[in-house]
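Have a look at the structure below, then the notes.
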Amino acid sequence: MIKQLLILMAIKCSSGLTGRGLMYPGRTDLFELSIIHINDFHARFEEVSPTASACQRKEGAICVGGLSRVFTAAKRLLKERPNAILLNAGDHYQGTLWYNLHRWNATVTFLTWYLGMSCTILYRGGKKIGVIGAIIKTTTELSKTEKLKFLDEIETINLEAKKLKRYEKVDIIIVLSHCGLPVDRKIAANCPLVDVIVGGHSHSFLYSVVITQASNRTVLIVQAAAFTKYLGNLTVWFNEEGEVEDWEGNPIVLDETIPQDPEMLKALEPWKKQVDALGSKVIGRTKVKMPKTCRVGSATSGT
């Protein structure tokens, strides 16, 4: 069923969905790694409209995403794919009443459902995979970070990558980035030990950006839009030196053909009742639309 949901993008960037188009019958010298990823969840615990607003199912609307669909699709891929890992590239918190009401409590409860314990090194198929987390250094301009200091992304990643290679002897390095696509491109071009960047922050829907470094190394960048509408799905083949040989990927759209996990729905219900009670209170009325464009400019809903 999952294979039927793979999106074939009939747009200019469609060639980016696959790599060099090579076939590997019987090749045992290549290591196959499946990367399943999500980013910019923004508290979409429940299913949403295609534009990421609240789902109006009573009005016959089409609904997509939601944590229960993410859980269903991720479980299937982790079971089906060889050497599969699941990564979350950040912004899991604010965005709906769920966060306004429950804050960290709901987030930590359900984040662990599908991510498990966090770690810096993953082991798959006899290979050591180093995962480096990175956040954009201008975070202080977006949030009240108090005394926290945010370092240069490229310098910090290179330092950590050298440690992973030298002391941990990792075979592959993945950067789990919440820096946005423009910065991710710079990271890919200037971090000689990085193989794949799983990104977030810019809400980009892309598959996949391919950067060729000055040394002729290939670095892949992927990102799966935002708000649980898609689940990223990338397969990469590495040679014996741990370099990217080829890749293939298609994001999975989490529409109504993906069933919502019943256990997840049951677990969400007590939290949902409180959110529904708060959301049903009328606090005012407006005669004009209030679009959610304050992220990129002025809007009637505020700046």
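FYI, it's all coordinate maths here, none of it is from the lab. Because the structure is predicted, anything quoted here is derived from the model rather than measured. With ideal geometry, Cβ positions are generated from the backbone for all residues, glycine too; neighbour counts draw on all protein chains shown.
One equal scatterer on each Cα of the range 174-303, no solvent, Debye formula: the resulting log10 I(q)/I(0) at q = 0.09 Å⁻¹ is -0.45.
Inverting the mean 1/r over all pairs of different Cα atoms, compute the Kirkwood radius of the range 32-260 and quote it in Å.
Evaluated on the range 32-260, it is 18.2 Å.
From most to least packed by mean Cβ count within 10 Å, the peptides 172-183, 148-159 give 172-183, 148-159. Comparing the range 222-275 with the 2.2 N^0.38 Å rule of thumb, its C-alpha radius of gyration ratio is 1.72 (two decimals). Other residues with beta-carbon under 11 Å from the beta-carbon of residue 83 carry, at +1 per Lys or Arg and -1 per Asp or Glu, a net charge of +2. Placing +1 on each Lys and Arg Cβ and -1 on each Asp and Glu Cβ, with no other charges, gives the range 32-260 a dipole about its Cα centre of roughly 600 debye. A simple packing score, the average count of other Cβ atoms within 10 Å per residue, orders the peptides 243-250, 220-227, 208-215 as 220-227, 243-250, 208-215, with the highest score first.
Using the Karplus relation 6.51 cos²θ - 1.76 cosθ + 1.60 with θ = phi - 60°, the per-residue 3J(HN,Hα) values for the range 264-275 come to 5, 4, 5, 5, 6, 4, x, 6, 4, 4, 5, 5 Hz, with x marking Gly and Pro.
What shape does the range 134-209 have by the C-alpha gyration tensor, where a ≥ b ≥ c are the square roots of the eigenvalues, rounded means a/c under 1.5, and otherwise prolate means a/b greater than b/c and oblate the rest? Since a/c reaches 1.5 but b/c is at least a/b, the shape of the range 134-209 is classed as oblate. Checking the cross-link pairs 127/272; 75/289; 149/186; 137/229; 186/272 against a 32 Å limit on the alpha carbon distance flags 127/272; 75/289; 186/272 as lying beyond it.
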